[in-house]
Structure formats: C-alpha cells, structure tokens
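Take a look at the structure set out below.
The values are calculated or read from the model by the stated rules, or taken from the named source; none is laboratory data. In this text the structure is predicted, and so the values were computed from the model without any measurement. For neighbour counting, all protein chains shown are included, and Cβ atoms are generated from backbone atoms with ideal geometry for every residue, glycine included.
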Amino acid sequence: MDTALLAETDRQPATATLDGPAKGLDGRQQARHGLDAEPDKLTAPAGGTQAARPLDAGQALKLQAAVLSHERFIAAAAAFAGELATTLRFDQVAVGFLDNSCARVVALSQGVDFQSKAEAIRRIGEAMDEAIEQRSTVVHPASSSDRPRIVIAHAELVRRGAVAICTIPLVAHGRAFGAVTLQRTTQAPIASDEVARCEHLVSLVGPILHLKFRNEQRWLSLVREGTRAAWAHVREPGHVRAKAAVSLAAAALAALLFVPVGYNVSAPAHLEGAIQRALVAPVDGFLRQVHVRPGDAVVADQLMVELAEQELELERRKWESELVQHQDASVAALAKTDRTQYAINQAKVSEARAQLELVDQHLSRSRVRAPFDGVVIKGDLTQSLGAPVQRGEVLLTLAPANQYRLIVDVDERDVAAVRQGQHGQLALAALPDATLAFRVVRVTPVSNNRDGRNFFEAEATLDASASKALRPGLQGVAKIRADDRPLAWIWTHRFVDWLSLTLWSWGA
C-alpha cells in the first residue's frame, strides 16, 4: 500500500481549532456537514435528524489528558480508544498504525483478547487500509450526499454485525500513519455532524499518538520509515527537483562504485637495517667494560666491548716461559751434539711460539671494535658486567646508519596482488604525519606464521633519503599500490572470497 498522502483529498482528518470547523474542508464537505455562517457551531446536515451541537473543548482536552497520562504508546492508544467510545457513544473504537504499509490494530476500546478475535481484528485492519488508500474518511452506510467511496471491507464488517462504521485516517506532517475505526451495533447510522466531530477530535489527538509511537521505535525502523516516505515523495507527480537530485545521486553512486580506482594492499610493516652485523665473543671470558648501548651511533674501529684479560695474560706468560725453557734445552743438546734431543726441543719451541701467537690474537680480539659506521640496534650489556660469555655468543648487533630496508607482512589473501616493482606509501607509528615512498624489490615465496596469522614477507627499499628520525625496528602500516579496481569490488571482495571458500568447503 502506498502510504504517502500528498494529493489533495476532498475529505481529510481535520486540523481545526477547538471552537471552529476544520479549515481543510472544501465547499462540498461544508455542504455535507451542514456548516453555516457561524464558525463555532456544527449544524445538522440537510435532511438530517440530529440537532446541531457545538464542539466541546472539554471533550478534546479530556481525550488529550487520557493519552498524555500514559507513558507507553499501547496504553495511550487503548486509553484514547476507550475515552473516544465513551465520549461519542460508540460501541467499539479501534486504533491502528501502519506497519510495513499495512494497518495493524494496536488498541480496542473493549479489552478483548486479540488472539481470540484474530479474524475480526484482521477485518478491521482491512477497513483501515481501505480508508488510508483512499486518503479520506470512509462511512458506511453513507448518506446520499456523500461522494461514493470503496467500502468493500466496511460492508463486510456491517454484514458481520455492525450497524454503522466510520474509519478516519490518522495524519501527521501531511502523511497517514494509522487510522481510527468507530463501530455501532445497536443505534442508528452515523450522522454527518458526528463524523465531523470525530474528525476534529482525532486530528487533535492523533499527532500526540504519533509522537509516542515514534519515541518507542528503534532507530532502524525510523530510518526505514523515513526512506520509504522519501521514496514515495519522489515517485509522486511533480517534484522535479527531487527527482533530478535522486537521479544525480544515483549516477554519482554508480560512478563511485563501478569506475576503477586505485586499489591499495594494506599490511603491517617494520624497518630493518640494510645490513645487520652480529658482533660475537671471540673467546670464553668475562665482560669487563661496555662502552655503547642500543641506539648509540658508532664510527669504524671504535671500542665497544672489553673482555677480562687476566687469564689470557697468565696463559701468555706460561707459553713464554715454556718457549725459553725449550730454547735453552735445544742449545744444550746442540752443545752435546745430541741431535735427537735437539730435534725434540726444536719441535717444542715451535709449539710454544704457535701457542704464544694464538694467545696474542685472543688478547687483541678481547676488545670488540665497530667494523663500520653505524648504529647499535641490539644488545644492552651494561647490566651484565662481570658475567661470563662463551665463544660465539652474540654480544651486539650493528646496522649501518641511514640505510634501511622495509619488511611488509602481506596477508596470504592479498599476496597475489603484490609483485616486484610496485610502489607504495609507508606511515610509521613514530611519524604518523609523514609518509615515506618505497618500492617492492622482492616477495618471499615462503610464508610465515605469527599470532595465528599467515603472511608473506615483501622486502622493499625506501625511495627518498632516509630521515634522521628513522631507527631500525620502527613499525607502521604500508600501502602497496596494486591494480585499479572498482570501488564496489574493493569494499566487497573480502566477503565474497570468504563466502566462495565457505560454500566450496560445504560442497556447494
């Protein structure tokens, strides 16, 4: 059902003052309701049998008070139905609101069980739909002066026991949001002045019910309702500007979704030194002195770590003493012309000299020096002075200054879009306001798994000269420029890929 009420109707729920007739009525309705020159009274219609009665402001205030005395919408609608039935002497009053373009009865003047009266409630809802569709009050049986209306649902209610029935649409902001159905089963048909009085009262109380109804709606229902109303407004005749705006918006959205744009593969990344040199302990020993810490800049041949030399000095003295002894024994054997002993002593002299040279090399290597200019990126030994170290143990890690490589951890779902030679932008957590350009030089064909995530490492080099603020180990987010893709594909490809894989795994 189209719920929009934009066209002018010859009978709308009145928007009248408390002491005057509805201003929205045209001449035909005034003739029908018997409106005379006095604006504060309603006279009986031509040929009518009931005397004119002024619109009682107390009745309207009483109805409004009954509605406002309840906080919840359903209770307020039930109070309104009951009070309206008592005030206007109707046997039953039903209040319904639009739900998905169909009227749904929410309150009855008689507290009946909705489940036991489901068929009657459904027929009342159909009568409400009938009045809302025609955008006018529907009375059955109607007087001979009334304009003909479609009364199929109303006639069905009359056949099932009602003597007369009247349905008045509830209107707010120019649109119907429900209807009120009034029935009589024991009295005469509804007169025209009674219909006018009902329209006045319903028009005064209806907006209050609409406000309570909207206050209890969820935001999603309000958005859906507003969208449906806007679409109905656009579909109606006229409104050229609105139609042009919607057409332009649709064209812009289509261009936005289907015109190819740059697609970037985003992935976490971190900086490493272009070369990483590990400095290890040359011999078993103990730390005596440490001159640098991670982050310190060093120059080539700068002293960085010193090992304890006492044991090496003792060993050197030992081999020096043995060398002298073997040399003296060799001279004595030569003096005695004992060639056998002389050869033995000469061999021992050579051994002592070799051991002495080895100790001297160990002594020279006990002082670890920087092999090139760079930055210490790993190894804080300042809290380990005096600790023993073993030969081959890594003491420090050194990287050259201002020479970096970028490692991008590309997710396995995106690795197919990453190739050598692609360019991208890097934003570091330490420098969020600046971006660095880079170029992919290699994509590692072997995957890594960390923190439950499977990824491939893409190695890249920074294009511009590295900033002095950069340090190895800095982390950030890299965006690799891939192919041009439609925006709709960019937004949905992850879900589509997941759905395809899931359906395939289920055998679909």
#### Entry: Positions within segment 270-303 being within 55 Å of the chain's Cα centre (by Cα) and on the phi > 0 side of the Ramachandran plot, in sequence order
Gly295
### Message
Among (1) of a type outside the set (Asp, Glu); (2) under 27 Å from the mean Cα position of the chain (by Cα); (3) modelled with pLDDT of 80 or more, there is one condition Trp231 misses while meeting the rest; what is its number?
### Response
(3)
### Task
Output yes when any residue across segment 115-132 is at pLDDT below 85 and either polar (S, T, N, Q) or on the phi > 0 side of the Ramachandran plot (or both), and no when none is.
yes
### Query
Among the residues of segment 350-357, is any surrounded by 14 or more Cβ atoms within 10 Å (Cβ to Cβ), charged (D, E, K, R), assigned to a strand (DSSP E or B) and not assigned by TED's automatic domain parsing to the domain that holds Ala416?
no
### Task
Filter segment 392-432 for residues that are over 17 Å from His270 (Cα atoms) and out of contact with any strand residue (DSSP E or B) (no Cβ under 8 Å at 6 or more places or on another chain) and give the result.
Arg413, Ala416
#### Entry: Every residue from segment 476-508 that is at pLDDT below 90 and assigned to a strand (DSSP E or B)
Ala482, Asp483, Asp484, Arg485, Pro486
### Summary
Flagged in segment 359-418 as in contact with a helix residue (DSSP H, G or I) (Cβ under 8 Å, 6 or more places away or on another chain) and outside the structural domain of Val443 (by TED's automatic domain parsing), in numbering order, are Val359, Asp360, His362, Leu363, Ser366
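Residues are listed down the side, and each one gets a yes or a no for (1) crowded, with 16+ Cβ neighbours inside 10 Å; (2) not charged (D, E, K, R):
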residue	(1), (2)
Ile132	yes, yes
Ser136	yes, yes
Asp146	yes, no
Arg149	yes, no
Ile152	no, yes
Leu157	yes, yes
Leu170	yes, yes
Gly174	no, yes
#### Entry: Subset tally (residues that are among the acidic types (Asp, Glu) and modelled with pLDDT under 80) for segment 46-100
3
### Task
Kindly list the number of the only condition in (1) at pLDDT 85 or above; (2) touching a Pro at 6+ places or on another chain (Cβ under 8 Å) that fails for Val105.
(2)
### Message
Can you tell me how many residues within segment 89-108 are without any contact (Cβ under 8 Å) to a residue 12 or more places away in the chain and among the charged types (D, E, K, R)?
### Response
1
### Query
If we scan segment 364-375, do we find a residue that is in a helix (DSSP H, G or I) and in contact with an Asp or Glu (Cβ under 7 Å, 6 or more places away or on another chain)?
no
### Summary
Within segment 278-321, the count of residues that are under 30 Å from Phe455 (Cα atoms) and surrounded by 15 or more Cβ atoms within 10 Å (Cβ to Cβ) comes to 1
### Message
Quick check on my filter: what residues within segment 325-356 are over 25 Å from Leu314 (Cβ atoms) and of a type in the set (Lys, Arg)?
### Response
Lys336, Arg339
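Conditions tested, residue by residue: (1) of a type in the set (Val, Ile, Thr); (2) over 18 Å from Phe213 (Cα atoms).
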{"site": "Glu71", "(1), (2)": "no, no"}
{"site": "Ala75", "(1), (2)": "no, no"}
{"site": "Val106", "(1), (2)": "yes, no"}
{"site": "Ala118", "(1), (2)": "no, yes"}
{"site": "Ser136", "(1), (2)": "no, yes"}
{"site": "Gly161", "(1), (2)": "no, yes"}
### Task
Select from segment 127-148 the residues that are in contact with an Asp or Glu (Cβ under 8 Å, 6 or more places away or on another chain), under 17 Å from Gln183 (Cβ atoms) and not aliphatic (A, V, I, L, M) and list them in ascending order.
Thr137
### Message
For segment 283-311, which positions are in contact with a Ser or Thr (Cβ under 6 Å, 6 or more places away or on another chain) and closer than 14 Å to Gln361 by Cα?
### Response
Leu307, Glu309
